[in-house]
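Below is one structure, written out as C-alpha coordinates; the observations come after it.
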Amino acid sequence: MTADAKLPAQSTGASATMEDLWDRFSEVVLSMSMADGLTQALESVVTGAKSIIEPVDHAAVSLVHRHRRVNTLAATDDIARRGDQMQYDAGDGPCLQAIRDHEAVTSRDLLVEGRWPQWSQRAAEELGVRSMLCLQLFVSHDTIGALNLYSDRPDAFTVDDRTTGLALAAHVAMALMSEQSAGPRSSSASGAAIIAQAQGLLMQRYELMPSGAYLVLAKAAQREDTTLQLVAQTLVDTALDRRGELRTPAEVRGQAADAQEPGA
(Lines give C-alpha, C1' and ligand atoms only; values in the text may rest on other atoms or scores of the structure.)
Protein backbone atom coordinates (compact mmCIF):
# COMPACT_ATOMS: atom_id res chain seq x y z
CA MET A 1 0.00 0.00 0.00
CA THR A 2 1.46 3.34 -0.96
CA ALA A 3 0.44 6.99 -0.84
CA ASP A 4 2.45 8.16 -3.81
CA ALA A 5 1.59 10.69 -6.44
CA LYS A 6 2.62 9.41 -9.89
CA LEU A 7 6.41 9.61 -9.93
CA PRO A 8 8.71 10.28 -12.90
CA ALA A 9 10.21 7.09 -14.26
CA GLN A 10 13.67 8.44 -15.01
CA SER A 11 16.08 9.53 -12.30
CA THR A 12 17.55 13.01 -12.37
CA GLY A 13 20.84 11.33 -11.53
CA ALA A 14 20.69 9.04 -14.55
CA SER A 15 24.36 9.67 -15.38
CA ALA A 16 25.33 7.45 -12.47
CA THR A 17 25.43 3.79 -13.44
CA MET A 18 23.61 1.11 -11.46
CA GLU A 19 26.97 -0.36 -10.53
CA ASP A 20 28.11 2.97 -9.08
CA LEU A 21 24.84 3.24 -7.16
CA TRP A 22 25.16 -0.16 -5.53
CA ASP A 23 28.85 0.45 -4.77
CA ARG A 24 27.82 3.55 -2.83
CA PHE A 25 24.93 1.64 -1.26
CA SER A 26 27.32 -1.09 -0.12
CA GLU A 27 29.61 1.52 1.42
CA VAL A 28 26.71 2.91 3.47
CA VAL A 29 25.70 -0.58 4.66
CA LEU A 30 29.32 -1.33 5.56
CA SER A 31 29.52 1.90 7.56
CA MET A 32 26.39 0.87 9.43
CA SER A 33 27.82 -2.55 10.27
CA MET A 34 31.09 -1.04 11.54
CA ALA A 35 29.41 1.71 13.58
CA ASP A 36 29.96 1.94 17.32
CA GLY A 37 26.35 1.67 18.46
CA LEU A 38 22.93 2.46 17.02
CA THR A 39 23.28 6.25 17.02
CA GLN A 40 26.42 6.15 14.91
CA ALA A 41 24.86 3.57 12.58
CA LEU A 42 21.82 5.78 11.97
CA GLU A 43 24.04 8.80 11.42
CA SER A 44 25.78 6.78 8.71
CA VAL A 45 22.38 6.07 7.15
CA VAL A 46 21.12 9.65 6.98
CA THR A 47 24.47 10.92 5.70
CA GLY A 48 24.66 8.05 3.21
CA ALA A 49 21.14 8.72 1.94
CA LYS A 50 22.41 11.98 0.46
CA SER A 51 25.13 10.15 -1.44
CA ILE A 52 23.00 7.35 -2.91
CA ILE A 53 19.68 9.16 -3.56
CA GLU A 54 20.55 12.23 -5.60
CA PRO A 55 17.58 14.51 -4.73
CA VAL A 56 18.03 14.17 -0.94
CA ASP A 57 19.14 17.41 0.72
CA HIS A 58 18.19 16.50 4.30
CA ALA A 59 17.39 13.17 5.96
CA ALA A 60 16.23 11.86 9.33
CA VAL A 61 15.06 8.70 11.10
CA SER A 62 11.93 8.84 13.28
CA LEU A 63 10.84 6.20 15.77
CA VAL A 64 7.56 5.64 17.61
CA HIS A 65 8.05 3.92 20.96
CA ARG A 66 5.63 1.71 22.87
CA HIS A 67 3.98 4.63 24.63
CA ARG A 68 3.42 6.35 21.25
CA ARG A 69 6.14 8.93 21.88
CA VAL A 70 7.82 9.93 18.61
CA ASN A 71 11.34 11.25 18.35
CA THR A 72 14.11 11.74 15.79
CA LEU A 73 17.05 9.42 16.41
CA ALA A 74 19.39 10.85 13.74
CA ALA A 75 19.34 13.70 11.24
CA THR A 76 21.71 15.27 8.75
CA ASP A 77 21.02 18.82 9.93
CA ASP A 78 18.68 21.20 11.71
CA ILE A 79 16.34 21.41 8.70
CA ALA A 80 15.55 17.69 8.96
CA ARG A 81 15.13 17.84 12.74
CA ARG A 82 12.84 20.86 12.52
CA GLY A 83 10.84 19.27 9.70
CA ASP A 84 10.31 16.17 11.83
CA GLN A 85 9.48 18.12 15.00
CA MET A 86 6.95 20.28 13.17
CA GLN A 87 5.16 17.08 12.16
CA TYR A 88 5.15 15.79 15.74
CA ASP A 89 3.77 19.13 16.97
CA ALA A 90 1.06 19.21 14.29
CA GLY A 91 0.23 15.54 14.78
CA ASP A 92 0.26 15.06 11.03
CA GLY A 93 2.61 14.90 8.06
CA PRO A 94 4.17 12.43 5.62
CA CYS A 95 6.46 10.67 8.10
CA LEU A 96 3.59 10.13 10.55
CA GLN A 97 1.38 8.87 7.73
CA ALA A 98 4.12 6.43 6.69
CA ILE A 99 4.32 5.20 10.29
CA ARG A 100 0.55 4.89 10.75
CA ASP A 101 -0.33 3.42 7.37
CA HIS A 102 2.68 1.11 6.83
CA GLU A 103 3.50 2.61 3.46
CA ALA A 104 5.85 4.73 1.41
CA VAL A 105 4.56 8.31 1.23
CA THR A 106 5.61 10.81 -1.42
CA SER A 107 4.81 14.48 -1.82
CA ARG A 108 5.80 16.08 -5.12
CA ASP A 109 5.35 19.70 -3.96
CA LEU A 110 4.74 20.69 -0.35
CA LEU A 111 3.83 24.22 -1.35
CA VAL A 112 0.58 22.95 -2.87
CA GLU A 113 0.18 19.76 -0.82
CA GLY A 114 -3.36 19.27 0.50
CA ARG A 115 -3.01 16.17 2.68
CA TRP A 116 -1.24 17.89 5.59
CA PRO A 117 -1.89 21.60 4.95
CA GLN A 118 -0.84 22.86 8.38
CA TRP A 119 2.56 21.19 8.21
CA SER A 120 3.36 21.27 4.48
CA GLN A 121 2.83 25.00 3.97
CA ARG A 122 4.97 25.82 6.97
CA ALA A 123 7.73 23.39 5.95
CA ALA A 124 7.88 24.88 2.46
CA GLU A 125 7.90 28.51 3.61
CA GLU A 126 10.05 28.27 6.75
CA LEU A 127 12.44 25.45 5.86
CA GLY A 128 12.58 25.74 2.07
CA VAL A 129 11.64 22.05 1.68
CA ARG A 130 9.59 21.32 -1.43
CA SER A 131 9.24 17.54 -1.79
CA MET A 132 9.49 14.47 0.43
CA LEU A 133 9.85 10.71 0.39
CA CYS A 134 9.03 8.91 3.66
CA LEU A 135 9.53 5.18 4.08
CA GLN A 136 8.02 3.11 6.85
CA LEU A 137 10.38 1.10 9.06
CA PHE A 138 8.71 -1.99 10.51
CA VAL A 139 10.78 -2.97 13.55
CA SER A 140 8.26 -4.88 15.69
CA HIS A 141 4.57 -4.82 16.55
CA ASP A 142 5.36 -2.28 19.27
CA THR A 143 7.95 -0.18 17.49
CA ILE A 144 7.62 1.44 14.07
CA GLY A 145 9.56 4.27 12.47
CA ALA A 146 10.21 6.13 9.25
CA LEU A 147 13.14 7.15 7.09
CA ASN A 148 12.38 10.76 6.12
CA LEU A 149 14.00 12.15 2.96
CA TYR A 150 13.64 15.87 2.22
CA SER A 151 14.46 17.71 -1.00
CA ASP A 152 14.66 21.45 -1.60
CA ARG A 153 13.34 20.96 -5.14
CA PRO A 154 9.74 20.24 -6.16
CA ASP A 155 8.98 16.98 -7.96
CA ALA A 156 12.41 15.67 -7.01
CA PHE A 157 11.92 11.97 -6.29
CA THR A 158 11.54 9.30 -8.96
CA VAL A 159 10.42 5.68 -8.98
CA ASP A 160 14.09 4.62 -8.94
CA ASP A 161 14.72 6.85 -5.90
CA ARG A 162 11.79 5.21 -4.13
CA THR A 163 13.15 1.72 -4.86
CA THR A 164 16.61 2.64 -3.57
CA GLY A 165 15.05 4.26 -0.51
CA LEU A 166 13.06 1.12 0.28
CA ALA A 167 16.23 -0.97 0.13
CA LEU A 168 17.98 1.46 2.47
CA ALA A 169 14.97 1.48 4.81
CA ALA A 170 15.14 -2.32 5.02
CA HIS A 171 18.69 -2.12 6.37
CA VAL A 172 17.69 0.60 8.85
CA ALA A 173 14.81 -1.55 10.11
CA MET A 174 17.18 -4.49 10.59
CA ALA A 175 19.60 -2.33 12.59
CA LEU A 176 16.76 -1.14 14.83
CA MET A 177 15.38 -4.65 15.20
CA SER A 178 18.78 -6.02 16.24
CA GLU A 179 19.31 -3.20 18.73
CA GLN A 180 15.93 -3.73 20.37
CA SER A 181 16.08 -7.52 20.44
CA ALA A 182 15.27 -8.79 23.92
CA GLY A 183 17.47 -11.84 23.43
CA PRO A 184 21.23 -12.17 23.89
CA ARG A 185 23.69 -10.88 21.32
CA SER A 186 24.10 -14.40 19.93
CA SER A 187 20.36 -14.44 19.13
CA SER A 188 20.70 -11.25 17.08
CA ALA A 189 23.70 -12.68 15.29
CA SER A 190 21.75 -15.84 14.52
CA GLY A 191 18.91 -13.74 13.09
CA ALA A 192 21.32 -11.82 10.90
CA ALA A 193 22.76 -15.12 9.63
CA ILE A 194 19.29 -16.41 8.68
CA ILE A 195 18.52 -13.17 6.84
CA ALA A 196 21.84 -13.35 5.00
CA GLN A 197 21.10 -16.97 4.00
CA ALA A 198 17.65 -16.04 2.66
CA GLN A 199 19.18 -13.08 0.85
CA GLY A 200 21.70 -15.39 -0.79
CA LEU A 201 18.95 -17.79 -1.90
CA LEU A 202 17.05 -14.98 -3.59
CA MET A 203 20.22 -13.71 -5.28
CA GLN A 204 21.02 -17.19 -6.60
CA ARG A 205 17.53 -18.02 -7.80
CA TYR A 206 16.53 -14.67 -9.30
CA GLU A 207 19.94 -13.10 -10.05
CA LEU A 208 19.25 -10.14 -7.78
CA MET A 209 21.68 -7.59 -6.39
CA PRO A 210 22.24 -7.99 -2.60
CA SER A 211 20.11 -4.98 -1.72
CA GLY A 212 17.43 -6.05 -4.19
CA ALA A 213 17.16 -9.40 -2.40
CA TYR A 214 17.01 -7.63 0.95
CA LEU A 215 14.22 -5.41 -0.36
CA VAL A 216 12.16 -8.47 -1.36
CA LEU A 217 12.41 -9.79 2.21
CA ALA A 218 11.58 -6.42 3.76
CA LYS A 219 8.51 -5.89 1.58
CA ALA A 220 7.29 -9.39 2.42
CA ALA A 221 7.68 -8.63 6.15
CA GLN A 222 5.68 -5.42 5.74
CA ARG A 223 2.98 -7.16 3.72
CA GLU A 224 2.63 -10.01 6.23
CA ASP A 225 2.98 -7.68 9.25
CA THR A 226 5.75 -9.82 10.71
CA THR A 227 9.49 -9.66 11.31
CA LEU A 228 12.23 -9.80 8.73
CA GLN A 229 13.80 -12.75 10.53
CA LEU A 230 10.58 -14.82 10.40
CA VAL A 231 10.17 -14.15 6.68
CA ALA A 232 13.78 -15.17 6.09
CA GLN A 233 13.44 -18.33 8.19
CA THR A 234 10.28 -19.34 6.32
CA LEU A 235 12.01 -18.83 2.99
CA VAL A 236 15.01 -20.90 4.04
CA ASP A 237 12.78 -23.68 5.41
CA THR A 238 10.67 -23.94 2.25
CA ALA A 239 13.33 -23.24 -0.38
CA LEU A 240 15.83 -25.91 0.69
CA ASP A 241 15.32 -29.65 0.41
CA ARG A 242 16.59 -32.16 2.95
CA ARG A 243 20.02 -32.18 1.32
CA GLY A 244 20.31 -28.42 1.75
CA GLU A 245 19.98 -27.81 -1.99
CA LEU A 246 17.84 -25.06 -3.46
CA ARG A 247 14.39 -26.21 -4.52
CA THR A 248 12.99 -25.12 -7.85
CA PRO A 249 9.99 -22.72 -7.74
CA ALA A 250 7.80 -25.60 -8.99
CA GLU A 251 8.91 -27.80 -6.09
CA VAL A 252 8.10 -25.06 -3.58
CA ARG A 253 4.64 -24.55 -5.10
CA GLY A 254 4.05 -28.32 -5.03
CA GLN A 255 5.02 -28.50 -1.36
CA ALA A 256 2.57 -25.69 -0.53
CA ALA A 257 -0.21 -27.43 -2.47
CA ASP A 258 0.45 -30.75 -0.69
CA ALA A 259 0.26 -29.02 2.68
CA GLN A 260 -3.23 -27.77 1.85
CA GLU A 261 -4.57 -31.23 0.89
CA PRO A 262 -7.08 -32.74 3.38
CA GLY A 263 -5.29 -35.00 5.81
CA ALA A 264 -1.86 -33.62 4.84
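For Arg115, state whether it is more than 18 Å from the chain's Cα centre (by Cα) and surrounded by fewer than 20 Cβ atoms within 10 Å (Cβ to Cβ).
On the way: more than 18 Å from the chain's Cα centre (by Cα): yes; surrounded by fewer than 20 Cβ atoms within 10 Å (Cβ to Cβ): yes.
So Arg115 passes the test.
Looking across Leu149, Leu166, one residue alone is closer than 16 Å to Lys50 by Cβ and either free of Cβ contacts under 8 Å to residues at least 60 places away in the same chain or out of contact with any Ser or Thr (no Cβ under 8 Å at 6 or more places or on another chain) (or both). It is Leu149.
Here the stretch 182-212 is the region considered, the condition is being modelled with pLDDT under 75 and hydroxyl-bearing (Ser, Thr, Tyr), and the residue that is nearest to Asp101 (Cα to Cα) is Ser211.
In the set Asp160, Asp89, which member is loosely packed, with under 15 Cβ neighbours inside 10 Å and within 30 Å of Thr226 (Cα to Cα)?
On the way: Asp160 fails: loosely packed, with under 15 Cβ neighbours inside 10 Å.
Selected residue: Asp89, the only one of Asp160, Asp89 that is loosely packed, with under 15 Cβ neighbours inside 10 Å and within 30 Å of Thr226 (Cα to Cα).
Take Gly165 and decide whether it is under 27 Å from Ala220 (Cα atoms), at pLDDT below 95 and not in a helix (DSSP H, G or I). Judged against the criteria, Gly165 is not a match.
Quick one: would you say Val129 is buried (at least 18 other Cβ atoms within 10 Å of the Cβ) and under 26 Å from Thr227 (Cα atoms)? No, not satisfied.
This table checks each residue for (1) crowded, with 21+ Cβ neighbours inside 10 Å; (2) within 20 Å of the chain's Cα centre (by Cα).
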position: Arg81; (1), (2): no, yes
position: Leu96; (1), (2): yes, yes
position: Val105; (1), (2): yes, yes
position: Ser120; (1), (2): yes, no
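Candidates are the residues of the stretch 213-264 that are at pLDDT 70 or above and in a loop (DSSP other than H, G, I, E, B); the one that is farthest from Gln199 (Cα to Cα) is Asp225.
Name every residue in the stretch 122-142 that is polar (S, T, N, Q) and modelled with pLDDT under 95, in order of residue number. So that I can check it myself, show each step before the final result.
To start, the set of residues in the stretch 122-142 that are polar (S, T, N, Q) comprises 131, 136, 140.
Across the stretch 122-142, the qualifying residues are Gln136, Ser140.
For the stretch 80-96, residues that are touching a Phe, Trp or Tyr at 6+ places or on another chain (Cβ under 8 Å) and within 17 Å of Glu113 (Cβ to Cβ) total 8.
The values are calculated or read from the model by the stated rules, or taken from the named source; none is laboratory data. Note that this is a predicted model, so its numbers are computed, not measured. No Cβ is skipped: glycine too gets one built from the backbone with ideal geometry, and neighbour counts run over all protein chains shown.
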